[in-house]
Amino acid sequence: MSISRERLIDLYYRATLPWRLRWNHRHARVGLAPVMVLFYHRVADDNPSSWTISNKQFEEHLDWIGARFEFVSLEESQRRIALRYNPRPCVAITFDDGYAENCEQAIPLLVKRKIPFTYFVSTGNILTGQPFPHEVDAEFQAPVNTIEQLRNISAAGGEIGAHTRFHADLGAVDNEEQLYDEVVLATRELADAVGQSIRYFAFPYGLPKNLNDRAFEMCRDEGLLGVCSAYGAYNMPGDDPFHLQRIHGDPQMSRLRNWLTIDPRKLSIPRYTPEAMCSSPQSPNHADEASGVMV
């Protein structure tokens, strides 16, 4: 991010700070504080990309969040949403795809601090070691997690979640058999490989155009507890707890601070529901997903 862009974000944050303070106080007082879910991809110190954050930045995120919010699991997030009561803003941590480098420092740090997290992986990439679609043509293809690493994450307390077979854009899939393979069969194979039940599913790319009504139904029918999108919106007590909206864990602290302290613009993002499916023929862009919809 350019210095000028960062300054603009800081100016916007300061200009809206009085409103943010009033909004947060008013909603917390009546038990309607937001439930926020962050998603990360790769935590590493080399070969940066729009979906990579350094280990130092990730630790700074945890420090800043931990001093201001409560860390919760996806299950606890859902419980508060379903109860229609949350007296304090809280944050859940998730990862998408399944990058091996996350196991070097990021995962051990979460485990050491006893911070709950959910780790979504694409089954086919994990089982074959193939690079993710958004890295096939890149000069550097980051290594993917192994099954042994996932088992270690699970044993350490992390929750493993499903992320299709090969990071598919489900918004572009209208074939029932293919959709069933990406959502249901890939989830079952992941459960067998890891040796634990899979309770959550995250849509790759995660923008409204990448979601799929039928996939929501399949996840419910399969008995999953919830699904995650990634278009940068908040979850409020009383929302549908099955669908958890997520916000990108942006490397820039100014942007993360702006989002987690309640950006007025994000409150106007329409909540996706299966009945109001928004499809698009455009090709998915992993950088778009990482952008969290808006700055």
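Residues checked against (1) closer than 21 Å to GLY161 by Cβ; (2) of a type in the set (A, V, I, L, M):
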{"site": "HIS27", "(1), (2)": "no, no"}
{"site": "PHE39", "(1), (2)": "yes, no"}
{"site": "ASN55", "(1), (2)": "no, no"}
{"site": "ALA67", "(1), (2)": "no, yes"}
{"site": "ARG79", "(1), (2)": "yes, no"}
{"site": "ARG88", "(1), (2)": "no, no"}
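In the set ILE9, ILE81, only one residue is buried (at least 17 other Cβ atoms within 10 Å of the Cβ), in contact with a Ser or Thr (Cβ under 7 Å, 6 or more places away or on another chain) and in a helix (DSSP H, G or I); that residue is ILE9. Applying the criterion of being within 23 Å of the chain's Cα centre (by Cα) and among the β-branched types (Val, Ile, Thr) to the residues of the range 1-35, the residue that is nearest to ARG84 (Cα to Cα) is VAL35. Comparison of GLU177, GLU159, GLU135, GLU148 shows that the only residue that is acidic (Asp, Glu) and under 19 Å from PHE242 (Cα atoms) is GLU159. Screening the candidates GLU182, GLU217, GLU189 for the property of being in a helix (DSSP H, G or I), crowded, with 21+ Cβ neighbours inside 10 Å and at pLDDT 95 or above yields one hit, GLU182. Taking the range 108-156 as the range and being among the hydrophobic types (A, V, I, L, M, F, W, C) and either touching a His at 6+ places or on another chain (Cβ under 8 Å) or crowded, with 20+ Cβ neighbours inside 10 Å (or both) as the test, the residues that pass are LEU110, PHE117, PHE120, VAL121, ILE126, PHE132, ALA142, VAL144, LEU150, ILE153.
Of all residues in the range 38-52 being farther than 21 Å from CYS228 by Cα and at pLDDT 95 or above, which is surrounded by the fewest Cβ atoms within 10 Å (Cβ to Cβ)?
Residues of the range 38-52 that are farther than 21 Å from CYS228 by Cα, as a first pass: 44-49.
Cutting the leftovers down to at pLDDT 95 or above gives us 44-45.
Details: ALA44: 22, ASP45: 14.
By that ranking, first place goes to ASP45.
Remark: pairs (first residue in the range 179-190, in contact (Cβ under 8 Å) with a residue 40 or more places away in the chain; second residue hydroxyl-bearing (Ser, Thr, Tyr) and assigned to a helix (DSSP H, G or I); Cβ separation under 8 Å; 6+ apart in sequence or on different chains) = ALA186/THR123; THR187/THR123; GLU189/THR123; LEU190/THR123. Out of curiosity, is TYR99 crowded, with 21+ Cβ neighbours inside 10 Å, among the aromatic types (Phe, Trp, Tyr) and in contact with a Lys or Arg (Cβ under 7 Å, 6 or more places away or on another chain)? Yes.
Out of all the residues in the range 232-248, is one or more farther than 16 Å from VAL35 by Cα, at pLDDT 95 or above and not in a helix (DSSP H, G or I)? No, the range 232-248 contains no residue that is farther than 16 Å from VAL35 by Cα, at pLDDT 95 or above and not in a helix (DSSP H, G or I). Note on the range 165-224: among residues that are acidic (Asp, Glu) and more than 17 Å from ILE126 (Cα to Cα), the one that is nearest to the chain's Cα centre (by Cα) is ASP169.
Residues of the range 234-273 that are among the small types (Gly, Ala, Ser) and farther than 20 Å from SER50 by Cβ: GLY238, SER268.
The values are calculated or read from the model by the stated rules, or taken from the named source; none is laboratory data. Remember, it's a predicted structure, so these values are computed and weren't measured experimentally. When we count neighbours, we look across all protein chains shown, and the Cβ atoms used for this are built from the backbone with ideal geometry, even at glycine.
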